[in-house]
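The values are calculated or read from the model by the stated rules, or taken from the named source; none is laboratory data. If you're wondering where the values come from, they're calculated on a predicted model, not measured in any experiment. Note that each Cβ is placed from the backbone with ideal geometry, even for glycine, and that neighbours are counted across all protein chains shown. Only protein heavy atoms, including side chains, enter the accessible area calculation; ligands, DNA and RNA are left aside. Shrake-Rupley method; radii C 1.70, N 1.55, O 1.52, S 1.80 Å.
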Amino acid sequence: MRYQPVALTTPDHVQLTGWLIEPAVGVTDRHTTMVVAYGDFGNMSNELYQAQALAADGYRVYLFDYRGFGHSADFAIDTERLYYPEFAVDLGTALADARRRYPRNRTGIMAFSMGSIMASEVAATAPHCDFLVTEGYVASPQRLVAYQLQSRRKEVSLPAEAAAYSQYAPRIRCPWLLIGGTADKHTPLADSVAVVREAPRRKRRQVLAFEGEHLQGMVVLSDARFGGKYVSEVSRFLAAGKRR
């Protein structure tokens, strides 16, 4: 993959690192930038296969590490905390930088699991987010914490800001594709379906369901190449919105 390293500084003066991956050689540039918000473990290298699948279909992919992850600045993290509100600041910074670098591109967010918490806030509050794609959408951090306690006997804490999380989904105006597995117990598909059903008609939202568990979408929706069907469905959704 063709890429360049990226150095970012957040509004609260935290240094972040990222990789900006170009569309694959020989494919049509979609002039669309995907900023990827991953889950609650690992670092941006965990999303390289996803990035490759997107780049192979003509997308520009912006990977970055939250503070405390990868090579981004150190940040004291309690491993029993589901997320920190500062991660939304990091995602917002990456989105703004992607927009600045490619002002004529459509620029949006693809978020996985815990990353959908930050993505919901940023999509609801950032001045420019052209689309949102989530897999394993967290509709309620409180219910996810309760599931962790019941299924794994693991106590997970939440920041105080989680109490206001439910306000973001109704405020998201951009087109939103929610991807979920029929057997996902962490973030049930029914939660994504409810987001679509409860949205006013003027808001374009759609569910893409697959037969599988939490975050198995790219694996299940593959063809001759990893994630081929998955990316095709994302492209179909985005293309329909562009025609409107």
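Of the candidates 155, 161, 213, 233, the single residue that is of a type in the set (Asp, Glu), open to solvent by 50 Å² or more (accessible area, probe 1.4 Å) and closer than 19 Å to residue 107 by Cα is 233. Within region 207-228, residues that are without any contact (Cβ under 8 Å) to a residue 24 or more places away in the chain reach partners that are open to solvent by 30 Å² or more (accessible area, probe 1.4 Å) and of a type in the set (A, V, I, L, M, F, W, C) with beta carbons closer than 8 Å, at six or more positions or on different chains, in the pairs 219/226.
Of the residues making up region 74-88, those that are in contact (Cβ under 8 Å) with a residue 12 or more places away in the chain, surrounded by fewer than 18 Cβ atoms within 10 Å (Cβ to Cβ) and not charged (D, E, K, R) are 75, 85.
Exactly one residue among 125, 182 is among the hydroxyl-bearing types (Ser, Thr, Tyr) and over 28 Å from residue 93 (Cβ atoms), and that residue is 182. For region 10-32, the tally of residues that are hydroxyl-bearing (Ser, Thr, Tyr), closer than 18 Å to residue 85 by Cβ and not in a loop (DSSP other than H, G, I, E, B) stands at 0.
One line per residue, one yes/no per condition, for (1) open to solvent by 60 Å² or more (accessible area, probe 1.4 Å); (2) in contact with a Phe, Trp or Tyr (Cβ under 8 Å, 6 or more places away or on another chain); (3) in a helix (DSSP H, G or I); (4) of a type in the set (Ser, Thr, Tyr):
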| site | (1), (2), (3), (4) |
| --- | --- |
| 34 | no, yes, no, no |
| 52 | yes, yes, yes, no |
| 68 | no, yes, no, no |
| 90 | no, yes, yes, no |
| 104 | yes, no, no, no |
| 109 | no, yes, no, no |
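What do you reckon, is residue 183 out of contact with any helix residue (DSSP H, G or I) (no Cβ under 8 Å at 6 or more places or on another chain), surrounded by fewer than 16 Cβ atoms within 10 Å (Cβ to Cβ), part of a helix (DSSP H, G or I) and not charged (D, E, K, R)? It is false that residue 183 is out of contact with any helix residue (DSSP H, G or I) (no Cβ under 8 Å at 6 or more places or on another chain), surrounded by fewer than 16 Cβ atoms within 10 Å (Cβ to Cβ), part of a helix (DSSP H, G or I) and not charged (D, E, K, R). Screening 167, 206, 142, 148 for residues that are open to solvent by 30 Å² or more (accessible area, probe 1.4 Å), touching a Leu at 6+ places or on another chain (Cβ under 9 Å), farther than 27 Å from residue 239 by Cα and not charged (D, E, K, R) leaves exactly one candidate, 142.
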